[in-house]
Amino acid sequence: MALQFSEFQMYDAQHWSGLTTANHLHSIYQGRPQKATDIMRRIHTTNFGVDLDSQLSKYKVKYLDTDDDFTWELIGSGKKNVPLVEARLTPTGNAVAVGDEPGKNVTSFYLVFPERWFTDEHIIVGHKNELYSLQIQSEPVADSTNWIYEVKLITGDTDLFVPVEELAAGTRWSREWSLVESTLSKKGGGINFESPFGMRNTFSMIRMQHTLPGNMVNRPFATGFKVKDAKSGKLENFVTWMQYEDYVFDQQYRLEKNRLLMFARSNRGTNGQYYNFGKSGHVKKQGAGIRQQMESSGTEFYSDFSIEWLLSVLMDLSEGKLPTDQRHFVARTGERGAVQFHLALENHAQLFRPLFDTTRMFSTSNNGGMAGVSMAYGYGGQFLDYMGPNGIRFSISVDSMYDDRERNKILHPNGGVAESYRYDIMDIGTTNGEPNIQKFYVKNSDNIYGYEPGLRDPYSPTGKMSQMSHSTDGYTVHRGCQVGVAVYDPSRTKSLIPNILY
């Protein structure tokens, strides 16, 4: 009969005689399940690749003296085409109509444009560049909000005229050159300018805190947890619960910071006002993250991913904009996106060489237990990089945020979350030493850290305090930063998004 000695007794004593086996030990709670490893399993946390904050830190980070908005300017090349408002046979007449022959016998007619972009002596062309070249005869004349240009055909054919359909409203016209006489010419054509336009963003202040009870400060962490140091490659072993909590705090703080840099949307109203207030009564300012700033460059939605389609997108990003030796695009994506890119490129590569390339085959000692197999081979490899025509190169970088099932709830029919199939071409790199995407901090506010000791202080040799910040038996850790990000030229970025997210 079991004997209960005390109310504090957890279980009854057991009795046996003879041989003692492992079952006996387990029955008296002295056995312990054997663990394959002492590393705590992190089922829901994945830390593959370099996170966004670390990636941006590889390039120059800018520190500003105050938390006022930070600004920058963009300027175009001064090249553009202009839509035609209408064409007239006389300066104040009606628009040309069917049956008219504007420009025949090298006579003047008139084009109306919405801005003063061309000057006299400029030769301009419409959609059929080589067939109908027009030269502007005099300085334009204002007509309400528009400008009237007198033009003549540059031609040796006196029967040539410009068809009315080539002068339809909305046709676009651009400048070619300025043709003048060889003898005693009076003037040349003018030049075009494009003024800079200003861009700005706002610093965001983030902050986290956590309180640890005093009796947990040096409590041994029996379960054990190890993480690999990114630099040394060594496993760091956490032996106390305090160390583990510090690690979790840092990990979740970095995750919040990464999400802010990527996903934040400005809360500034169109009138420049803010409508969110904190506990202090002051406004909460949230700056635009990378994705919101990229939106002005446009996005591409796709249903079927192929290398041919990808090449067309990359050509739109580069042709006429980037030299052929500066066309290396890096896209951040998820694990499913990486596999999709691999399969598309593998399928594309079959057009040029056999899929079973001997460079992708290797000998293996593991023959799967199949008897009679004397030479066992494996086949593998994953495509992460594509070098295409015209100097285009496309590389992928897997970012665990794209696979985060906590944040990304929409599933993809091919498996995984839909966000994992997204590709953000961010041009994270430098041109002439300057990054296109740059992280900003307020000076001395990039890594705000402090703690409030209570009855016990984890950082004193004895753990005891003579002076306390509060009376609680524990201590509170605080972290924060004032951070922002600038996408200087959004035209060098693009997002490729599966249709399911449209």
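Here is how the numbers come out for the structure above:
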{"read-out": "Matching residues, the range 430-451, being modelled with pLDDT under 75 and either within 20 Å of LYS257 (Cα to Cα) or not assigned by TED's automatic domain parsing to the domain that holds GLN55 (or both)", "value": "none"}
{"read-out": "Among the candidates GLY287, GLY281, GLY269, GLY320, residue that is touching a residue at least 60 places away in the same chain (Cβ under 8 Å) and in the same structural domain as LYS494 (by TED's automatic domain parsing)", "value": "GLY287"}
{"read-out": "Leading residue by the ranking (nearest to LYS439 (Cα to Cα)) among those in the range 452-502 that are of a type in the set (A, V, I, L, M) and at pLDDT below 85", "value": "MET468"}
{"read-out": "Condition broken by PHE118, with the remaining ones in (1) assigned by TED's automatic domain parsing to the domain that holds ILE154; (2) out of contact with any Gly (no Cβ under 9 Å at 6 or more places or on another chain) satisfied", "value": "(2)"}
{"read-out": "Residue match in the range 261-269 (condition: at pLDDT 90 or above, touching a Leu at 6+ places or on another chain (Cβ under 8 Å) and more than 16 Å from PHE394 (Cβ to Cβ))", "value": "yes"}
{"read-out": "THR46 of a type in the set (Ser, Thr, Tyr), assigned by TED's automatic domain parsing to the domain that holds GLU245 and modelled with pLDDT under 80", "value": "yes"}
{"read-out": "Residues that are among the basic types (Lys, Arg) and free of Cβ contacts under 8 Å to residues at least 40 places away in the same chain, drawn from the range 241-266", "value": "ARG265"}
{"read-out": "Residue count for the range 156-190, restricted to those that are exposed (fewer than 10 other Cβ atoms within 10 Å of the Cβ) and under 42 Å from the mean Cα position of the chain (by Cα)", "value": "1"}
{"read-out": "Qualifying residue in the range 83-90 (condition: among the acidic types (Asp, Glu), outside the structural domain of SER296 (by TED's automatic domain parsing) and assigned to a strand (DSSP E or B))", "value": "yes"}
{"read-out": "Pair list, Cβ under 9 Å, 6 or more apart: the range 100-111 residue over 15 Å from ALA168 (Cβ atoms) and touching a residue at least 60 places away in the same chain (Cβ under 8 Å), other residue among the hydrophobic types (A, V, I, L, M, F, W, C) and buried (at least 22 other Cβ atoms within 10 Å of the Cβ)", "value": "GLU101/VAL162"}
{"read-out": "Qualifying strands (runs of 3 or more DSSP E) (wholly inside the range 105-205; at least 2 residues being closer than 30 Å to VAL485 by Cα and modelled with pLDDT under 85)", "value": "197-201"}
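The values are calculated or read from the model by the stated rules, or taken from the named source; none is laboratory data. Computed from a predicted structure; not experimentally measured. Cβ sites come from the backbone with ideal geometry, for glycine too, and all protein chains shown count toward neighbours.
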